[in-house]
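Peer 1: This is the structure I have questions about; it appears just below.
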C-alpha cells in the first residue's frame with residue numbers, strides 16, 4: 001500500500017499541515033504513526049486509499065508530470081471490428097512496483113532518444129545503447145526490438161506496455177476474428193493435414209474475396225499458430241488423422257482378463273504380410289504372408305503357414321499344422337472379419353452373413369466336425385487381437401534380419417532393396433518354409449510377456465507346457481488320417497447336372513463326373529461336394545439330407561475348352577466322351593428292352609378285355625321320355641313296366657322323328 005506524508009496531503013488538499021495532523025489525531029482521517037528517522041519524532045502517514053477520488057486523480061496527474069508521461073490520448077473510435085482492443089490503464093490502477101518499473105522505462109527511453117540525437121544515423125546508436133543498459137541494469141531484458149516496442153507503448157500512453165507483466169490484459173482472449181478463425185479451422189482440421197501456413201494463406205484469400213472488412217484486423221500466421229496449439233489434442237487427432245487414430249490414442253479401452261482362461265481355450269488367428277521381398281515357387285518377386293494361430297493364455301505361436309495371399313485354405317492348413325505339431329485342438333478360435341476366416345465351409349459367415357449372400361447353408365462345417373467354437377471380433381477393432389504385437393515383434397527381430405527388408409511403408413525402405421529386387425538376389429519361399437519355424441521356436445522360447453505375475457520369468461512355451469502337464473487343461477487332438485478327412489473343403493449345396501458337380505477354384509468352375517454320372521442326375525436330390533485343395537483330381541459327393549457318402553468323381557478336364565482356336569484332339573476327346581455316354585445309356589436301355597413281349601396293341605386289347613369282365617348295362621324301372629313337341633307329349637301314356645318294351649319304344653321313336 002502507498003502512503004503519503006502529512007505535508008503531501010496538505011498540498012493536495014490546499015490546507016495547513018496542522019489541520020491534517022489534527023484530523024488524523026481525532027480519527028477523522030485514516031492514518032498510521034511511525035518514527036521519523038530524521039528527528040526521531042512520531043509522525044503520521046496517510047494511505048493513498050484514504051483520500052477522495054478527486055485528490056487521488058490530482059495526485060496521479062502530478063506523478064505523471066514528474067515521470068514525464070505524456071497526456072492521455074483520445075480514445076480510439078469504436079468501429080465495427082472483431083479485433084480485441086487493449087484497454088488503456090491509468091497510473092493509479094498499477095501497483096507501486098509497477099509504477100517504479102514504468103518510471104524506470106520512461107527514464108531509459110528518454111535517455112535513449114537523447115543518445116540517438118547525437119548520431120547522424122540514429123539506428124547506429126541502438127545496439128550501443130542496449131549494451132549500456134545491460135551494464136547498468138543487468139536484471140532488465142533489453143534489445144533493440146524491446147526498445148522500439150516500449151517506445152511505441154510510451155508514445156501511445158500505454159503504460160501497461162512499460163511493465164514486465166506483458167500479455168496479462170487479454171489472457172483467454174484472442175485477436176483473431178471469429179469468422180476468420182472458423183474458416184481457418186475448417187481447413188486445418190481435415191484429413192488433408194494442411195500446414196498452418198497453407199491454411200492461413202487460404203483463409204486470407206477467402207477473407208479478401210468475401211470478408212474484406214476483416215483483412216485489416218487479420219493477425220499474423222504466428223497468432224493463428226499459437227491459437228491452433230490451444231486446440232485440444234483429441235480434436236486435432238480426430239480431425240487430421242481420422243477416427244481410427246483418435247480411437248487408438250484417446251478412447252478408453254478395456255483390459256481383457258485372462259485369469260480364468262486356460263491354455264488351448266482360445267486360439268487367436270490373423271494374417272501378416274511379411275516386410276521383405278522373396279521369390280515365390282514360380283520365380284515371381286512378391287511379399288509373402290503368414291497365417292498365424294496364437295494361444296491367448298500363454299502367447300505361444302502354435303502355427304504359422306506361409307502363403308502367397310491369405311485365403312481360407314491357409315487358415316485350414318495352419319489349423320491342421322498346429323494339431324500335427326502337438327498343440328492339439330482348441331476349444332475356440334478367435335477370428336476377425338476377413339473373408340479368409342469367415343468362409344462358409346470352415347465356420348460360417350459370422351458378421352459377414354447376409355440374406356442374399358448365401359440362402360442355403362453349407363451342411364457340414366470343418367470347425368463343427370472338430371468341435372471348435374468360432375468367436376468373431378467386432379468389425380474394425382484390431383486392438384482386440386493381441387497377436388498384432390507378435391507381428392510387430394516379427395518385423396523388428398526377424399524381417400529386419402532379411403537383406404531384402406522393405407519396411408511397411410516406402411519411407412522405411414532401405415536404398416539397397418531396389419537393387420536386390422532388380423538383381424533378384426532374394427530369399428526364396430522354399431527357404432522361408434525352413435526358416436520361419438526356427439523364428440517361431442525362438443519367439444516361443446522368450447519370456448512370457450503377459451500380465452499374470454505368476455508367470456513372470458517363465459518362457460512362453462514353459463507356461464503352455466506347465467498347463468498341459470498339470471492335467472487342468474482339456475487337451476484334444478486327432479491323428480493325421482482324421483485331420484485329412486476333416487480338413488476337406490465343402491461346397492455349397494447343389495444338384496448333379498449334365499456335367500456332373502463342380503467346385504469354384506480361383507474364380508473358375510472345375511467340373512467332376514464319372515461314366516455313371518448320367519444315371520445320378522435327379523432333379524429332387526441335393527448334394528454337396530468335399531475336396532482336398534492339395535489334390536484337385538477327385539472329389540466326393542455326399543447327400544444333403546442324410547450326409548451319406550454317394551460317389552467319387554474325377555476331374556472332367558475334357559470340358560475345359562476355349563471359345564475359339566481349341567486344339568482338334570481336345571475336341572475329339574470331348575466328342576468321344578459324349579459318344580461313350582450315349583453308348584452306355586443305350587446299352588442299359590437295350591437291357592431294359594431285350595425281353596420279347598407281345599405287341600403294344602395286343603397288350604392294350606388284353607388290358608381292355610380284362611377290365612371289361614362282368615360288364616353290363618342296368619335297366620331302369622321307369623323313365624320320362626324327352627319329346628320335342630308338347631302336343632304329342634300330352635297324348636302319350638307311359639305306364640310303369642317291369643321290363644323295357646323294345647317294340648313300344650321303337651314306335652315312340654318313329655313318331656318322334658321329324659317333330
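Peer 1: Check 307, 263 and return the single one that is under 30 Å from residue 417 (Cβ atoms) and either modelled with pLDDT under 90 or crowded, with 22+ Cβ neighbours inside 10 Å (or both). So that I can check it myself, show each step before the final result.
Peer 2: Values: 263 fails: under 30 Å from residue 417 (Cβ atoms).
The unique qualifying residue is 307.
Per-residue answers, yes or no, for (1) out of contact with any strand residue (DSSP E or B) (no Cβ under 7 Å at 6 or more places or on another chain); (2) within 23 Å of residue 481 (Cβ to Cβ); (3) surrounded by 11 or more Cβ atoms within 10 Å (Cβ to Cβ):
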residue	(1), (2), (3)
499	no, no, yes
515	yes, no, yes
524	yes, no, no
531	no, yes, yes
536	no, yes, yes
568	yes, no, no
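Peer 1: Please go through (1) surrounded by 11 or more Cβ atoms within 10 Å (Cβ to Cβ); (2) at pLDDT 85 or above for residue 577 and return the number of the only condition it doesn't satisfy.
Peer 2: (2)
Rundown of residues vs (1) touching a residue at least 40 places away in the same chain (Cβ under 8 Å); (2) touching a helix residue (DSSP H, G or I) at 6+ places or on another chain (Cβ under 9 Å), yes/no style:
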| residue | (1), (2) |
| --- | --- |
| 494 | no, no |
| 501 | yes, yes |
| 508 | no, no |
| 511 | yes, yes |
| 520 | no, no |
| 525 | no, no |
| 541 | yes, no |
| 544 | yes, no |
| 550 | no, no |
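Peer 1: Filtering segment 546-564 down to residues that are at pLDDT 85 or above and assigned to a loop (DSSP other than H, G, I, E, B), which residue is nearest to residue 511 (Cα to Cα)?
Peer 2: 556
Peer 1: Right, another one. Using beta carbons and a limit of 9 Å, which pairs, at least six apart or on different chains, have the first residue in segment 606-621 and surrounded by 10 or more Cβ atoms within 10 Å (Cβ to Cβ) and the second one in a loop (DSSP other than H, G, I, E, B)?
Peer 2: Listed pairs, sorted by first residue: 606/598; 619/643; 619/644.
Peer 1: Whether any residue in segment 405-416 is in contact with a strand residue (DSSP E or B) (Cβ under 7 Å, 6 or more places away or on another chain) and at pLDDT 90 or above is what I want to check.
Peer 2: Taking segment 405-416 and keeping what is in contact with a strand residue (DSSP E or B) (Cβ under 7 Å, 6 or more places away or on another chain), we get 405-406, 414.
From what is left, the residues that are at pLDDT 90 or above are 405-406.
Taking every residue of segment 405-416 in turn, at least one turns out to be in contact with a strand residue (DSSP E or B) (Cβ under 7 Å, 6 or more places away or on another chain) and at pLDDT 90 or above.
Peer 1: Kindly provide the set of residues from segment 583-617 that are closer than 30 Å to residue 516 by Cα and not in a helix (DSSP H, G or I), ordered by number. Let's see the steps before the verdict.
Peer 2: Taking segment 583-617 first, the residues closer than 30 Å to residue 516 by Cα are 583-597.
Across segment 583-617, the qualifying residues are 594, 595, 596, 597.
Peer 1: Continuing with this model, one more query. If you check residue 438 against the conditions, is it closer than 22 Å to residue 319 by Cβ and at pLDDT 90 or above?
Peer 2: Details: closer than 22 Å to residue 319 by Cβ: yes; at pLDDT 90 or above: yes.
Yes: the conditions hold for residue 438.
Peer 1: Identify the residue in segment 402-413 that is farther than 9 Å from residue 275 by Cβ and touching a helix residue (DSSP H, G or I) at 6+ places or on another chain (Cβ under 9 Å) and, among all such residues, is surrounded by the most Cβ atoms within 10 Å (Cβ to Cβ). Give the steps one after another, and end with the answer.
Peer 2: Restricting attention to segment 402-413, the residues satisfying the condition of being farther than 9 Å from residue 275 by Cβ are 403-404, 409-411, 413.
Filter once more, keeping what is touching a helix residue (DSSP H, G or I) at 6+ places or on another chain (Cβ under 9 Å): 403-404.
Values: 403: 13, 404: 23.
That would be 404.
Peer 1: Moving on. Please pick out the residue among 231, 266, 235 that is touching a residue at least 12 places away in the same chain (Cβ under 8 Å) and touching a strand residue (DSSP E or B) at 6+ places or on another chain (Cβ under 6 Å). Please lay out each step first, then the result.
Peer 2: Working: 231 fails: touching a strand residue (DSSP E or B) at 6+ places or on another chain (Cβ under 6 Å); 235 fails: touching a strand residue (DSSP E or B) at 6+ places or on another chain (Cβ under 6 Å).
Just one listed residue meets the conditions, 266.
Peer 1: Counting only residues that are at pLDDT 85 or above and surrounded by 14 or more Cβ atoms within 10 Å (Cβ to Cβ), which one in segment 127-141 is farthest from residue 161 (Cα to Cα)?
Peer 2: Filtering first and then ranking leaves 132.
Peer 1: Give the residues of segment 177-193 that are over 11 Å from residue 228 (Cα atoms) and either out of contact with any helix residue (DSSP H, G or I) (no Cβ under 7 Å at 6 or more places or on another chain) or touching a residue at least 24 places away in the same chain (Cβ under 8 Å) (or both), sorted by residue number. Let's see the steps before the verdict.
Peer 2: Within segment 177-193, the first condition is being over 11 Å from residue 228 (Cα atoms), and the residues that meet it are 177-180, 182-183, 186-187, 190-193.
Passing the criteria: 177, 178, 179, 180, 182, 183, 186, 190, 191, 192, 193.
Peer 1: Limited to segment 390-427, what total is found for residues that are in contact (Cβ under 8 Å) with a residue 40 or more places away in the chain, closer than 20 Å to residue 284 by Cα and part of a helix (DSSP H, G or I)?
Peer 2: Selection size over segment 390-427: 4.
Peer 1: Continuing with this model, one more query. Which of the residues belonging to segment 467-484 are free of Cβ contacts under 8 Å to residues at least 40 places away in the same chain and either over 20 Å from residue 332 (Cα atoms) or in contact with a strand residue (DSSP E or B) (Cβ under 7 Å, 6 or more places away or on another chain) (or both)? Working first, answer last.
Peer 2: Residues of segment 467-484 free of Cβ contacts under 8 Å to residues at least 40 places away in the same chain: 469-471, 479, 481-482.
Listed by number, the residues that qualify are 469, 470, 481.
Peer 1: A further question on this structure: Could you check residue 45 against (1) at pLDDT 80 or above; (2) closer than 29 Å to residue 98 by Cα; (3) assigned to a helix (DSSP H, G or I) and say which number it fails?
Peer 2: Condition not satisfied by residue 45: (3).
Peer 1: Name the residue that is farthest from residue 95 (Cα to Cα), counting only residues in segment 23-42 that are modelled with pLDDT under 85 and in a helix (DSSP H, G or I).
Peer 2: By that ranking, first place goes to 25.
Peer 1: Which residues, taken from segment 488-513, are within 34 Å of the chain's Cα centre (by Cα), more than 14 Å from residue 540 (Cα to Cα) and not in a strand (DSSP E or B)?
Peer 2: If the condition is that a residue be within 34 Å of the chain's Cα centre (by Cα), more than 14 Å from residue 540 (Cα to Cα) and not in a strand (DSSP E or B), then 506, 507 are the ones that fit.
Peer 1: Right, here's the next one. Within the group 88, 109, 162, 104, which residue is surrounded by 11 or more Cβ atoms within 10 Å (Cβ to Cβ), at pLDDT 80 or above and closer than 27 Å to residue 219 by Cβ? Before you say what the answer is, go through the steps one by one.
Peer 2: Working: 88 fails: at pLDDT 80 or above; 162 fails: at pLDDT 80 or above; 104 fails: closer than 27 Å to residue 219 by Cβ.
After ruling out the rest, the residue left standing is 109.
The values are calculated or read from the model by the stated rules, or taken from the named source; none is laboratory data. Keep in mind the model is a prediction, meaning the values are calculated, not measured. Neighbour counts run over all protein chains shown; Cβ positions are idealised from the backbone, glycine included.
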